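Reading through the structure tokens given below for one structure.
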Amino acid sequence: MRLLRIGKRIAFFFLILILVLTGAYYYAVSPHPPSVPQGSAEDLLYRANDLARNDRWEEAQPLYKRAEVLFAAQGNRSKALYAAVSQIPPDESVDIPATIWSLTADLTQPGASDQETRLRILTVRGILQTNQDAAQAHATWEEVERLARKLHHYELATRAVGEQGIAAFILGDALTAKKQVLLAWGLAAPEKDPAARIRYASVYGAGLVAVGRYGEAMNPLNEAIRIAQVHPEVAYPALAVNTKIDALVGLHRDKEALHLADESLGRLRETPFDGQKTQVYISRGRIETDLGNRGAAISDFEAALGLANRMRNYRGLTDAGGTLAQTYFDSGQLREALDAVNAAIQANTNIPNELYLAPANLALKAKIVDKMGDAKEADGLFRKSIALVDAMIQRASTVSVERQLLAEMSDIYSAYFASLCAQNRNDDALQVLEKVRGRLEAEALERHSSQPLHAPTPQEQELTRLNIALINTDDPTKRDALMSKIYSTEINLGPSKLAAASITHPVTLAQLQRVLSPDQLLVEYVLANPASYALAVTKTAVHAYPLKSGPGIDADAKRYLNEIHARAADPTLAQTLFAELLSPIQDYSTKRDLIIIPDGQLHLLPFSALVNHGAYVLRSHTVDVEPSSTAFEILRRHSEGEEKAQMPYIGVAAWTQAADTRNPVLRAISGPERSQFVPLPHSESEVEAIAHDLPQPNTILLGANATETRFKQLSTESSEVIHLALHGYADVDYPDRSALIFAPEPNGPDDGLLQAREIRDLHIRAKLVTLSACDTGVGPVGEADVASVVNAFIEAGADSVVSTLWDIEDETTEHLMTTFYSRLALHQRKVDALRTAQLELLNQGLPPYFWAGVQIVGDPSGNI
């Protein structure tokens, strides 16, 4: 297990420890003084403030000390106090609680009656409190903002807003945090404050790392580093560099991360910056663990604990202690692991308002005591941990953040699930897992009908304009600039309509069995280490089966997918995966309808292409994929109560012009570039042939008429089938950008890219949506589910979605789809019709590449 999983507590630590202890101390008022003698107290103070403003506090410290002596000799108590407290920030070895108490006492001194001095004391206290107690810090930064505005120090007021955002994030209010950090970041440029630009770009990158969006985080982190390079007057961007270390680890670029960590520690070795050293030791320890060097990792974690203990840095103690405990646990040293995690949990009691580190540490302790034989204590600890996670998720700012938090914390649910399965508490195990699996889809399905459509917001209109410009240029420089603007606009989008939604009640075993047919076998997978599980549910029985370790299954699934993509057949590997995933399940041989709820790489694995005794699973079984058992149960109930459709069939084919016939045409693009929108000549005959098989009336949009705007208008009508034969674009790094590509409309309100974020806001009323485009089922794989266009259509109201897992050829797709719909016209179940179409291609001797990539997600049993 990579420490970055249940140990992703360290990712949250980025937006907590390093953002306060690296690059945090530049809050200095730097007025333009009148001419003053060089070397005078005023001159020293001005030069020190200028250095501090650019985060060069270590260089400023001796100037402040000399200024303090001179001001004291002059009898200027206010400025002497100002200079004295300004010497605190670079000394990270201070006793933080005692120093905060001393600063609070300083506010009552006569010298603090000077408003500039009072502002400096509050600023330094806020710096330390952010590292010690976020609730206190938030209140202090509010006071700093008010006083700074009163004194017309607008740069400092802006920075105080950003610091309030940091405190809000630590306290679990991600929505407020995002608004305030982005505001500070945005204002820093017009205020010509490069140090603030570096800080808040770094902070935003740290927030992305905290929720596992490592690739996306590289943008703001690299921007911060770039700004520092062109502004040599600003200090080394330690926050950006140290956060980048963890982003590289998250991207599995361990060697680069280790090199950067060694380089950073080399720079810090002779400095007093103990907080920065603490974080880098933790980061390097995690890398060493991933590389199998546990002795070196433990040494680094112990070094981090020593530094944090010397500072009485409770957050550092909580994080380093929990990470050390995880390493001991993975090594089988249970007593040492228990001691370490107990110390971490005890340290966390000193910062009771901060949620992020507690769930993972409580869950880790639960795993330890469970392995030591105390299932009762483990149960109570798991429950406490999950209650804290639920509180955090309810305050997520967007669907994307909520999805990432669910993936981030899913190891907690999986560990509790395994514990309950071992106790044969299968109903409890199902409900625990369902609190995280498909949660967003379930929330959307339960609430979508009550959400009104809305006119495009200014940010959405700006995204449309930028996307059109991006599509229309192939110039790399212009595209880079446009992508940067798109990114900036996206992060300022408003919160999701689900942000305030209450927690969905997970399905019970009895409710799930009620909607299962006698022939259906639902299998919900949990890939974990050291053992995975499959929870198999039929109408009359439920069993939990231990399986091979998650990393082993993931590795086999990736190898098989590589073989499929190479258009090869590998029956031996397919048989191995069958033995790992389906062979242990006793009911497999007696049930013909498989319902799969995948985990990890299994989201991308076509179960129909596994092999049992020389025959593909497709020969004997239908296969349906679901986001979760809860979503499956909701979809089954919804489909039973639907009324007759107003528009039986809506077909769309935008790219119908003649094509170059020398090579197969794929329905995939690697990015929204006009030059990639090649013709799909078979798409027109595909949608027209389907129209002949389905009831009238129908609406077909072809060529230039197949615009995003026209489709959005039609999509609100109830329909049996919506068939979209289009180019598809899957963006794994930015899943909300994954899109279907419609015809351009130069003077229309839309950009032709129907992105996942837009699909969720549609009111789809269709029994079946078919995405006859490439990669529509692909998204970033998390432990919770896959963020993809398919899930977006499910959330928008579709009963079921037929989609693809990889690039598919235009001609093969046409054949499969026309057969599929001809069977639907004979009133076959959706899942049976798809299997029949796939069997036709299999019977022609074609390998899985040509037929296994098409899958059905959602309600499998209805017919048209």
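The values are calculated or read from the model by the stated rules, or taken from the named source; none is laboratory data. Quick caveat: nothing in here was measured; it's all calculated off a predicted structure. Cβ sites come from the backbone with ideal geometry, for glycine too, and all protein chains shown count toward neighbours. Please note that ligands, DNA and RNA were not included when accessible areas were found on the heavy atoms of the full protein model with its side chains. Shrake-Rupley method; radii C 1.70, N 1.55, O 1.52, S 1.80 Å.
Search segment 742-757 for residues being among the small types (Gly, Ala, Ser) and more than 30 Å from the chain's Cα centre (by Cα), and hand back the single one that is least open to solvent (accessible area, probe 1.4 Å). I'd like the intermediate steps shown before the answer.
Let us first name the residues in segment 742-757 that are among the small types (Gly, Ala, Ser), namely 743, 748, 752, 756.
Retained after the next criterion (residues that are more than 30 Å from the chain's Cα centre (by Cα)): 743, 748.
Details: 743: 4, 748: 27 Å².
Looking at residues that are among the small types (Gly, Ala, Ser) and more than 30 Å from the chain's Cα centre (by Cα), I get 743.
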Subset of segment 545-595 (residues that are closer than 18 Å to residue 622 by Cβ and free of Cβ contacts under 8 Å to residues at least 40 places away in the same chain):
578, 589, 590
Matching residues, segment 244-276, being of a type in the set (Gly, Ala, Ser) and over 21 Å from residue 203 (Cα atoms):
266
The one condition residue 71 fails out of (1) modelled with pLDDT under 85; (2) open to solvent by less than 20 Å² (accessible area, probe 1.4 Å); (3) assigned to a helix (DSSP H, G or I) is (1)
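When you go through 261, 296, 303 one by one, which is the residue that is crowded, with 21+ Cβ neighbours inside 10 Å, among the small types (Gly, Ala, Ser) and assigned to a helix (DSSP H, G or I)?
Values: 296 fails: crowded, with 21+ Cβ neighbours inside 10 Å; 303 fails: crowded, with 21+ Cβ neighbours inside 10 Å.
After applying the criteria, what remains is 261.
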Working only within segment 596-616, note down all residues that are in contact (Cβ under 8 Å) with a residue 40 or more places away in the chain and among the hydrophobic types (A, V, I, L, M, F, W, C).
596, 597, 602, 604, 605, 609, 611
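What's the total number of residues in segment 521-532 that are open to solvent by 40 Å² or more (accessible area, probe 1.4 Å) and either touching a Gly at 6+ places or on another chain (Cβ under 7 Å) or in a strand (DSSP E or B) (or both)?
At the first step, the residues of segment 521-532 found to be open to solvent by 40 Å² or more (accessible area, probe 1.4 Å) are 529-530.
Checking the rest, the ones that are also either touching a Gly at 6+ places or on another chain (Cβ under 7 Å) or in a strand (DSSP E or B) (or both) come to 529.
Final tally of qualifying residues: 1.
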Counting only residues that are under 23 Å from residue 234 (Cβ atoms) and at pLDDT below 80, segment 17-54 contains a total of 17
Residue 760 versus (1) open to solvent by less than 10 Å² (accessible area, probe 1.4 Å); (2) under 30 Å from the mean Cα position of the chain (by Cα): which is the lone unmet condition?
(1)
Among the residues of segment 682-713, write down those that are open to solvent by 30 Å² or more (accessible area, probe 1.4 Å), hydrophobic (A, V, I, L, M, F, W, C) and free of Cβ contacts under 8 Å to residues at least 60 places away in the same chain.
700, 702, 704
Inspect segment 504-524 for any residue being at pLDDT below 80 and in contact with a helix residue (DSSP H, G or I) (Cβ under 6 Å, 6 or more places away or on another chain) and give the result as yes or no.
yes
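Using the structure shown, decide if residue 248 is of a type in the set (A, V, I, L, M, F, W, C), buried (at least 21 other Cβ atoms within 10 Å of the Cβ) and within 28 Å of the chain's Cα centre (by Cα).
Details: of a type in the set (A, V, I, L, M, F, W, C): yes; buried (at least 21 other Cβ atoms within 10 Å of the Cβ): yes; within 28 Å of the chain's Cα centre (by Cα): yes.
Yes.
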Only listed residue being part of a helix (DSSP H, G or I), out of contact with any Asp or Glu (no Cβ under 6 Å at 6 or more places or on another chain) and buried (at least 24 other Cβ atoms within 10 Å of the Cβ), chosen from 384, 367, 376
367
Need at least 3 residues that are modelled with pLDDT under 90 and closer than 24 Å to residue 631 by Cα per element, so show me which helices (runs of 4 or more DSSP H) inside segment 766-864 make the cut, counting only ones lying wholly within it.
789-796
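Every residue, every condition in (1) at pLDDT 90 or above; (2) crowded, with 20+ Cβ neighbours inside 10 Å; (3) β-branched (Val, Ile, Thr), yes or no:
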{"residue": "148", "(1), (2), (3)": "yes, yes, no"}
{"residue": "153", "(1), (2), (3)": "yes, yes, no"}
{"residue": "156", "(1), (2), (3)": "yes, yes, no"}
{"residue": "161", "(1), (2), (3)": "yes, yes, yes"}
{"residue": "168", "(1), (2), (3)": "no, yes, no"}
{"residue": "174", "(1), (2), (3)": "no, yes, no"}
{"residue": "187", "(1), (2), (3)": "no, yes, no"}
{"residue": "193", "(1), (2), (3)": "no, yes, no"}
{"residue": "198", "(1), (2), (3)": "yes, yes, yes"}
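Scan 267, 284, 226 and give me the residue that is under 30 Å from residue 737 (Cβ atoms) and assigned to a helix (DSSP H, G or I).
Details: 267 fails: under 30 Å from residue 737 (Cβ atoms); 284 fails: under 30 Å from residue 737 (Cβ atoms).
Going through 267, 284, 226 in turn, just one is under 30 Å from residue 737 (Cβ atoms) and assigned to a helix (DSSP H, G or I): 226.
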Taking segment 200-233 as the region of interest, how many residues are of a type in the set (A, V, I, L, M), within 19 Å of residue 267 (Cα to Cα) and surrounded by fewer than 24 Cβ atoms within 10 Å (Cβ to Cβ)?
1
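Against the condition in a helix (DSSP H, G or I), of a type in the set (A, V, I, L, M) and closer than 30 Å to residue 411 by Cβ, how does residue 561 come out, does it pass? First the steps, then the outcome.
On the way: in a helix (DSSP H, G or I): yes; of a type in the set (A, V, I, L, M): yes; closer than 30 Å to residue 411 by Cβ: yes.
So residue 561 fits the description; yes.
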Exactly one of (1) aliphatic (A, V, I, L, M); (2) in contact with an Asp or Glu (Cβ under 9 Å, 6 or more places away or on another chain); (3) open to solvent by 50 Å² or more (accessible area, probe 1.4 Å) is unmet by residue 183. Its number?
(2)
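Residues checked against (1) in contact with a helix residue (DSSP H, G or I) (Cβ under 6 Å, 6 or more places away or on another chain); (2) touching a residue at least 24 places away in the same chain (Cβ under 8 Å):
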| residue | (1), (2) |
| --- | --- |
| 104 | no, no |
| 113 | no, yes |
| 132 | yes, yes |
| 135 | no, yes |
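For segment 399-456, how many residues are open to solvent by 30 Å² or more (accessible area, probe 1.4 Å), in a helix (DSSP H, G or I), of a type outside the set (Gly, Ala, Ser) and at pLDDT 85 or above?
First pass over segment 399-456, keeping only residues open to solvent by 30 Å² or more (accessible area, probe 1.4 Å): 404, 422-425, 427-428, 431, 435, 446-447, 449-456.
Within this subset, residues satisfying the condition of being in a helix (DSSP H, G or I) are 404, 422, 427-428, 431, 446-447, 449-450.
Of the ones still in play, those that are also of a type outside the set (Gly, Ala, Ser) are 404, 427-428, 431, 446-447.
When the remaining residues are screened for being at pLDDT 85 or above, the result is 427-428, 431.
The qualifying residues number 3.
Looking only at segment 714-741, filter to residues that are open to solvent by 10 Å² or more (accessible area, probe 1.4 Å) and aliphatic (A, V, I, L, M); which one of those is farthest from residue 688 (Cα to Cα)? Show your work before the answer.
Going through segment 714-741, the residues open to solvent by 10 Å² or more (accessible area, probe 1.4 Å) turn out to be 716-718, 720, 729-737.
Okay, now just the ones that are also aliphatic (A, V, I, L, M), so 730, 732.
On the way: 730: 26, 732: 32 Å.
Step by step, filter segment 714-741, then rank; the result is 732.
Looking only at segment 125-134, decide whether some residue is modelled with pLDDT under 95 and not in a helix (DSSP H, G or I). Please lay out each step first, then the result.
We begin by selecting, within segment 125-134, every residue modelled with pLDDT under 95; these are 125-134.
With not in a helix (DSSP H, G or I) added as a condition, the list becomes 133.
Checking segment 125-134: at least one residue is modelled with pLDDT under 95 and not in a helix (DSSP H, G or I).
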With the condition kept exactly as written, say whether any residue in segment 643-653 is charged (D, E, K, R), modelled with pLDDT under 75, in a loop (DSSP other than H, G, I, E, B) and under 24 Å from residue 863 (Cα atoms).
yes
Give the residue, chosen from 577, 602, that is at pLDDT 95 or above and in a helix (DSSP H, G or I).
577
Can you tell me which of (1) surrounded by fewer than 24 Cβ atoms within 10 Å (Cβ to Cβ); (2) more than 24 Å from the chain's Cα centre (by Cα); (3) in contact (Cβ under 8 Å) with a residue 40 or more places away in the chain; (4) assigned to a helix (DSSP H, G or I) is the one residue 178 doesn't meet?
(2)
Return the pair list, or none, for Cβ contacts closer than 6 Å from residues in segment 274-287 that are farther than 12 Å from residue 320 by Cα and touching a residue at least 40 places away in the same chain (Cβ under 8 Å) to residues that are of a type in the set (Ser, Thr, Tyr) and open to solvent by less than 10 Å² (accessible area, probe 1.4 Å), at least 6 apart or on different chains.
276/22
